[in-house]
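The next block holds one structure in the form of structure tokens; read it before the comments.
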Amino acid sequence: MLTVPTPPDCGNPWRHGSALVVVCGWALVAWGCTSSPPLKIGEDSGGFDSARVDGPDSGPADGRPPGGDSAASPGPPVDVTTVDVTPPSDDWIFTFDQIHTIEIELPHESWQSLVADPYGYVPGSFAIDGQRLDEVGVRVRGKIGSLRPLTGKPKFKIDFNHLVEDQRFYGLESLSLNSNVADCSYLKEVMSARVYADAGISTSRTSYARVTVNDADYGLYVIVETQDDRFLKRYMADPSGNLYDGKYIWYGGSSYTLLDFAEGNDSLFQLEEGDSVDNTDIMAVSNALSATRGTEAFYATLGELLDWEYMHRAWAAEQWVGQNDGYCINKNNYRIYFDPEDGRMRFIPWDNDNSFLFAYQWGRNWGAPVGNLASACLAHAECRADWATAVQTLLGELDPEALAGFVTQIDTLTIDAAVTDPRRECDAGSVAPSRAHVAWWVTARSAEMAAAWGL
């Protein structure tokens, strides 16, 4: 059972502060009160900093592939399909009645290639619950906050048709495996996805797996549905539009570029799905923003290019889950989709391991978003009012009791696997308090947001 801490009575719920307790490189919550409250939505604010806490790497020091070149025992026949065949349901992968078992096998040459170039696909094999594909592409994921070597606990992406053209696994082209190195609770990605889904926002399905690589135990991972053309078919009436990645561009070390509109970086948005138009659809949004920001025409003009109702709802959900590393207050971890039916743009959330955080923990404030579209909207009376309406609607629709029940469900399912994870980067004693914070959050967040928006 989770013991949910009760924060001190600091008046306005948005005044609840915390001292950052760093344990093994992790920022954990210790309740306290800040000396002054964050600003309410619509008030002016100062700047921000972008400091992040990162944990140490772990694993064998000699860089050898654990388990050598041994091959896993073949499982039962796998249901492999092609793009021309109607696939069986993949729903069994994204459930919370079990922790799946995933086995990745990397030949020596593939291991060495990933050491040299983590982002390049290499040949490997993949099995989940005994169902095996012998020829898949494997690469490492992650950047500044979560990139880890193979001797640590890296994120992975498994591409089922990288080596075998049109190969699918229950219709899926790929799967993403999140390592939880930035989340001591192991709950944030899954809980964020649940909230976005309840809010009616297009979001990836998730589940849990215990992962081995060459027979070495890599611990508890979150399976995340890759946002590709199959993902778009589940959500979009017309899935043939352009999907772009808005995640920051990393040049190595501490050098990177955050992507946003009207900053001269339109060409850096990476096309994930659709047909290239040389990013002219993104440029149109940037040009309209540059031409109308701060004017009365802003809201109507951008309304021809953006689905404002959906955007407001997505941003309300992003704030509810406390996504410090998302678009609104960090210009990061988002996808954008242009609907061919009306040409308008929608936001899709991605990578939520830095959610369930208070904005001030990163020196930010939801009353002063840094994402250019969000900032311009908040400065426009009609746009801000419609955003507030979306917040109020969301707060009325989310069910804190149901969300708390889901926290209990996944806590019960995964607590042992989280505590015994051999590549966990936080102290084992920090897992339960981190989960208690998430449990408290889902019961208290709606009241906090209502106070912040003056609802």
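Throughout, read-outs are computed from the coordinates displayed, never taken from laboratory work. Model, not experiment: these values are computed from the prediction. No Cβ is skipped: glycine too gets one built from the backbone with ideal geometry, and neighbour counts run over all protein chains shown.
The percentage of C-alpha pairs in segment 80-232 whose separation is greater than 29 Å is 13%. Packing order of peptides 408-417, 190-199, highest average first: 190-199, 408-417 (average count of other Cβ atoms within 10 Å over each peptide's residues). Take every pair of alpha-carbon atoms less than 8 Å apart whose residues are at least six positions apart; their mean separation over the length of segment 307-408 yields a relative contact order of 31 percent. The slack in the chain from Asp215 to Ala447, taken as 0.36 nm per residue of separation less the alpha-carbon distance, amounts to 78.8 nm. Of interest is the spacing of the C-alpha centroids, which for segment 94-114 and segment 117-181 amounts to 7 Å. In this simple spin-label model, placing a label point 7 Å from the Cα along the Cα-to-Cβ direction at both Ala116 and Ala291 gives a separation of 5.0 nm.
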